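*Asks:* Got a structure for you, written out below as C-alpha cells; questions coming shortly.
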Amino acid sequence: MVKEAEVPSTTQSSSQHQARPSKPFAGNLALKCPECKEMLVGRDWEKNLKVCSRCSYHFKLTAYERIELLTDTDSFVEVDSDIISVDPLNFVSRSQAYDAKLREESENVGLNEAVIIGHATIEDYPLALAVMDFRFIGGSMGSAVGEKITRAIELGIEKNTPVLISSTSGGARMQEGLYSLMQMAKTTAALAKLGEARLPYFSLLTDPTTGGVTASFAMLGDVTIAEPGALICFAGPRVIEGFMHVKLPEDAVTSEFVLQHGMIDAIVHRRELRQTLARLLHFYGKTNRKSSEFLEESHSHVHQTK
Ligand SMILES: [Zn+2]
C-alpha cells in the first residue's frame, strides 16, 4: 500500500530530479571506532570514506553518500522520490502509531522512505540503482520500499541497463504486516523478469543486511558482493541463540563467514567498490551484448534456412 507524497520533500515538483542534500561535515570533531576504540579525527575519517584507518571498520553510509561514492559526479538522476508508505493496518505499537512514526522519521532523517532509486553511470557505464538507508526505520522493507525497488528493476529493463541494489536493512517492516512480506515475492518476481531480459543484477550488501531483505532480492544477485565485516544473516545472532539455546561461533554472521560458506561472491573494501562495479559492468555488458548478438545471428540463420 503506497501513495505519492502530497508534499514532495524537495522544492522541485517533478518526481524526477537530481537530489543531493548537503552533508554535515565532521571537520575537527573526534569519534571513536566501535570496533578497535581508536579515536578518529572527523576530517581524516571522512577522507578515508568513513572507514577506520586502524582496523578498517566500515561505518554506515547514508544513501546519498553511497550514491556519491559509487556513481560518476552529477550522473545520478533520482526517480519516484514521492512514493511513501500509508498505514493500511492502522498499526499502533506500545509507544506510537505507525503514521506518526513515519512523519517523525521523515523529519529526523530528511528522507521520506528507506530507499532512493534512480539511474546513473559508473565510469560511463549506465545502470539503474536502488540504494537503501538504514536511518529510516532501520532500513525496513514496507510496501513503499518494495515498490521502489521493483521500479528500479523495471527502470533497468526499460532502459536496457544492468541493475545495482545496495542493501542495508533490519528486514520486513512489522508495522505493515503481510503487506510488507508480500514485497519479498514482488521484488523477486521483478528480478526474474530482469533475468528474462538478459540483464545482469549486482547486489551489494552493507552492514547490516538481514531478515526479509536477505531472504529476497539481496541474495539473488548474478554477482553478490559485500563490504568487510558487515552483519549478513536472516535471523540475528541473538534470536538464533535464544531460540536454539546454543552459542554461535564468533563472527558467525559476518561477510567473511558467508563468503566462506559460499553465500556471496566477494568482499570488497569500500575504496575499491567503484572500480569493482565498473569492471563488472564492463564484463557483463560485453557478455550481454555478445549473447544478444548471438541470438540475433541465430534468428537470422533460422530465417535464412526456412
Ligand atoms: Zn577501528
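*Asks:* Select from segment 230-252 the residues that are within 19 Å of the chain's Cα centre (by Cα) and open to solvent by 40 Å² or more (accessible area, probe 1.4 Å) and list them in ascending order.
*Replies:* LEU231, PHE234
*Asks:* Contact list please: Cβ distance under 9 Å, first residue in segment 39-66 and of a type in the set (Gly, Ala, Ser), second residue open to solvent by 30 Å² or more (accessible area, probe 1.4 Å) and assigned to a strand (DSSP E or B), pairs at least six apart or on different chains.
*Replies:* Correct list of pairs: GLY42/ALA30; GLY42/LEU31.
*Asks:* Tell me, which strands (runs of 3 or more DSSP E) wholly within segment 1-88 include 2 or more residues that are modelled with pLDDT under 90 and either within 16 Å of the ligand (Cβ to nearest atom) or surrounded by fewer than 16 Cβ atoms within 10 Å (Cβ to Cβ) (or both)?
*Replies:* Fully inside segment 1-88 and qualifying: 2-4.
*Asks:* Test GLU113 against the criterion of being away from the ligand (no atom under 16 Å from the Cβ), in a loop (DSSP other than H, G, I, E, B) and at pLDDT 95 or above, and give yes or no.
*Replies:* Yes; evaluated as a whole, the condition is true for this residue.
*Asks:* OK, next. Show the residue pairs that are 6+ apart or on different chains and have beta-carbon atoms under 6 Å apart, the first residue being within segment 242-253 and farther than 24 Å from TYR57 by Cα, the second being of a type outside the set (A, V, I, L, M).
*Replies:* From segment 242-253, no pairs qualify.
The values are calculated or read from the model by the stated rules, or taken from the named source; none is laboratory data. Fair warning: this is a prediction, and the values are worked out from it, not measured in the lab. Counting neighbours? That spans all protein chains shown, and the Cβs are built from the backbone with ideal geometry, glycine included. Ligands, DNA and RNA are stripped out before the accessible areas are found, and what is left, the full protein with its side chains, is counted by its heavy atoms. Shrake-Rupley method; radii C 1.70, N 1.55, O 1.52, S 1.80 Å.
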